[in-house]
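Some notes on the structure that comes next.
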Ligand code: CO8
């Protein structure tokens, strides 16, 4: 049987590939469980410092699997808390997760990309929340994360007209961190992930946690959180090593503690 989620490690980087090419990588419970299991494994692996999630050249993921959900009724969706259990593992990952998006990232695919800490896009990437065309709406965070990423006007436009945003517009609008020619996307994303993973793991995690606070708290609460976490870095051997190495004009050797 084909595995719908494949994993590889590249040095200190864990790579997760969604592998349902015949269905444009549409997301179903099996795919999400596979992604969850891969994240669990990379989170517990001391050697991994950053995770990348990607699809294939045609699609990151073209949404939730329409075939699987088309006959659900309200009671089924509500009672089973559809797309909750097992679908949001990325959100709770403590190591950074980068989405490397080529081709379509639509509906749940766009939402899953936005659940990651940042998106690197191929010049072929197309983002959209076209659920309205199916008589439904974003359900995995699209109506909340998209406005925070691109502003209310563009988010309304995309969710209400179902239009897609290409890589140039996504870059200009702040939805993606970087854009690369499609054939360089994975290499460049892995390179950036390796850069991150070479730093001190506790510091990586503290920075991720602090940046995420910017979305989840008031400015003052976020500033206080940042200040306290910053103070705590002075308890790290890696802070001593990083600053000593700077003073001694040498490369630091971080021990992740
Ligand atoms: N679900 C199931 N199968 C899909 C999906 C999907 N979302 N998208 C594509 N496929 C299948 C097609 O049915 C087709 O299968 P087959 O060859 O057996 O007919 C195959 O993938 C190839 O697709 P196309 O022939 O349509 O390829 P095109 O290049 O012509 O078009 C598109 C590509 C534009 C991506 C087109 O397939 C499309 O519009 N797909 C649907 C996009 C969409 O509406 N996504 C939103 C889904 S709803 C959703 O995500 C709910 C969000 C809330 C929950 C989120 C949880 C993750």
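None of the figures in this text is laboratory data; all of them are computed from the coordinates on show. This structure is a prediction, so every number in the text was calculated from the model and none was measured. When we count neighbours, we look across all protein chains shown, and the Cβ atoms used for this are built from the backbone with ideal geometry, even at glycine.
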Open item on the list: If you fit an axis through the alpha-carbon atoms of helix 29-44 and take the longest principal axis of the Cα set of the chain, what angle between them do you get, 0 to 90°, nearest 10?
Closed with: 0 degrees
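Based on other C-beta atoms within 10 Å, arrange 248, 169, 237 from fewest to most.
Fewest-to-most ranking of 248, 169, 237: 248, 237, 169.
Go ahead and estimate [θ] at 222 nm for the chain from helices alone: -39,500 (n - 2.57) per DSSP H run with n ≥ 4, summed, over the residue count, rounded to 500.
Details: 11 runs with 114 residues, N = 257.
Result for the chain: -13000 deg cm²/dmol, rounded to the nearest 500.
Which of 116, 110, 50 comes first, and how do the rest follow, when ranked by fewest Cβ neighbours within 10 Å?
Values: 116 20, 110 36, 50 29.
Exposure proxy ranking, most exposed first: 116, 50, 110.
Please arrange 208, 172 by how many other C-beta atoms lie within 10 Å of their C-beta, fewest to most.
On the way: 208 18, 172 13.
Listing 208, 172 from fewest to most nearby Cβ atoms yields 172, 208.
Considering only DSSP beta bridges where both residues belong to the stretch 1-133, give the percentage that are antiparallel (nearest 5). Can you show the working numbers first?
Numbers: 6 of 25 bridges.
Once the DSSP bridges in the stretch 1-133 are tallied, antiparallel ones form about 25 percent.
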- [ ] Would you mind putting 18-27, 100-109 in packing order, based on average other-beta-carbon counts within 10 Å, highest first?
- [x] 100-109, 18-27
Open item on the list: Quick check: convex hull over the Cα atoms of the chain, volume per residue in Å³, rounded to an integer?
Closed with: 147 Å³
TODO: With a/c under 1.5 counting as rounded, go ahead and sort the stretch 78-172 into rounded, prolate or oblate using the C-alpha gyration tensor (a ≥ b ≥ c being the square roots of the eigenvalues; past the cut-off, prolate if a/b is larger than b/c, else oblate).
DONE: oblate
- [ ] Express in whole angstrom the spacing between the alpha-carbon centres of the stretch 67-123 and the stretch 146-182.
- [x] 17 Å
TODO: Largest first and in whole Å, give the semi-axes of the stretch 13-64's equivalent ellipsoid, each being the square root of 5 times a Cα gyration tensor eigenvalue.
DONE: 22, 12, 6
TODO: Springs between alpha-carbon atoms under 10 Å, Gaussian network over the chain: tell me which of 91, 12, 126 tops the mean-square fluctuations.
DONE: 91
- [ ] Could you bin all the Cα-Cα distances of the stretch 116-257 into 5 Å bins starting at 0 and give me the percent of pairs in each, rounded to whole numbers?
- [x] 2, 9, 13, 14, 14, 15, 12, 10, 6, 3, 1, 0, 0
- [ ] Specify the residue with the greatest mean-square fluctuation among 43, 111, 30, computed from a Gaussian network of the chain linking alpha-carbon atoms under 10 Å apart.
- [x] 30
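From the alpha carbon gyration tensor of the stretch 1-123, can you work out the equivalent ellipsoid semi-axes (sqrt of 5 times each eigenvalue) and give them in Å, largest to smallest?
Details: eigenvalues 110, 56, 33 Å².
Value: 23, 17, 13 Å, ordered largest first.
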Task: C-alpha long axis of helix 219-232 to longest principal axis of the chain, angle in ° - done: 40 degrees
Open item on the list: What's the ranking of 31-40, 143-152 by average number of surrounding C-beta atoms within 10 Å, highest first?
Closed with: 31-40, 143-152
TODO: Please build a GNM for the chain, connecting alpha carbons under 10 Å apart, and tell me which residue among 157, 187, 81 fluctuates the most.
DONE: 81
Task: the stretch 10-57 versus the stretch 220-257: alpha-carbon centroid distance in Å - done: 30 Å
TODO: Measure nothing but the geometry: give the 0 to 90° angle between the long axis through the Cα atoms of 201-216 and the longest principal axis through the Cα atoms of the chain, rounded to 10°.
DONE: 50 degrees
